[in-house]
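Read the structure below first, then the notes.
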């Protein structure tokens, strides 16, 4: 565990907690894409299946449970909590998530390190995480309305991705056999999506229109 | 061993 990895995990954790806080206390999920949240729930559910088969550390198991619990809670709130559900931008959040899930599944079946059930699903979760933010970005561009908490959520997620890349660079130079092409490329694609968003975000910000 | 390395991240 290096400082970049820990900072990345904490940033990731903070992003999820910011979102839960917004939904739980303000009872609003305006501007939040249910599609993206459902994709993250699928990502965690397929990646952490090894929670039953391999133990790394108490920290790892604890964090996995937190990410599973929080992502499914957010989906539950948005789907089934009446007050929260009423604030959901259903008409705008129309990105077809199957267009992301199916290609990722096919890609995981074709490109993986080992052809086992757990390994293919784990690889699938990497590919899916890379693109899971897309419905959220589309929703953001459509509604052109980004409140502080939604903005912070996306900033924290982007920060988490950036820190993970620093973590991989650090591990590559300090751990003799640390080479994981699939993880790196998927992670890089994901980070580039965030970079694109930040670029757009700053252009608007500098353009004087600010953030509503 | 490499397995454990890749799976120790979240």
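The values are calculated or read from the model by the stated rules, or taken from the named source; none is laboratory data. As the structure is a computational prediction, the values presented were derived from the model and not from experiment. Because the Cβ atoms are built from the backbone with ideal geometry, glycine has one as well, and the counts that use them run over all protein chains shown.
Summary table below
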read-out	value
Residue match in segment A:53-74 (condition: assigned to a helix (DSSP H, G or I), more than 14 Å from chain B (Cβ to nearest Cβ) and within 14 Å of the chain's Cα centre (by Cα))	yes
Lone qualifier among A:33, A:71, A:28 - being surrounded by fewer than 19 Cβ atoms within 10 Å (Cβ to Cβ), under 23 Å from residue A:158 (Cβ atoms) and out of contact with any strand residue (DSSP E or B) (no Cβ under 7 Å at 6 or more places or on another chain)	A:28
Condition check for residue A:13: within 14 Å of another protein chain (Cβ to nearest Cβ), loosely packed, with under 15 Cβ neighbours inside 10 Å, assigned to a helix (DSSP H, G or I) and modelled with pLDDT of 95 or more	no
Residue check for residue A:36: part of a helix (DSSP H, G or I) and either over 26 Å from residue A:100 (Cβ atoms) or touching a helix residue (DSSP H, G or I) at 6+ places or on another chain (Cβ under 6 Å) (or both)	yes
Residue count, segment A:170-212 (criterion: in a helix (DSSP H, G or I) and within 14 Å of another protein chain (Cβ to nearest Cβ))	12
Per-region count, segment A:95-120, residues over 20 Å from residue A:181 (Cα atoms) and surrounded by 13 or more Cβ atoms within 10 Å (Cβ to Cβ)	4
Some residue of segment A:125-133 being assigned to a helix (DSSP H, G or I), modelled with pLDDT under 95, within 14 Å of chain B (Cβ to nearest Cβ) and under 25 Å from residue A:8 (Cα atoms)	no
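Rundown of residues vs (1) in contact with a strand residue (DSSP E or B) (Cβ under 7 Å, 6 or more places away or on another chain); (2) in contact (Cβ under 8 Å) with a residue 24 or more places away in the chain; (3) within 14 Å of another protein chain (Cβ to nearest Cβ), yes/no style:
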| position | (1), (2), (3) |
| --- | --- |
| A:91 | no, no, no |
| A:96 | no, no, no |
| A:101 | no, yes, no |
| A:104 | no, yes, no |
| A:111 | no, yes, no |
| A:116 | no, no, yes |
| A:140 | no, yes, no |
| A:144 | no, yes, no |
| A:163 | no, yes, yes |
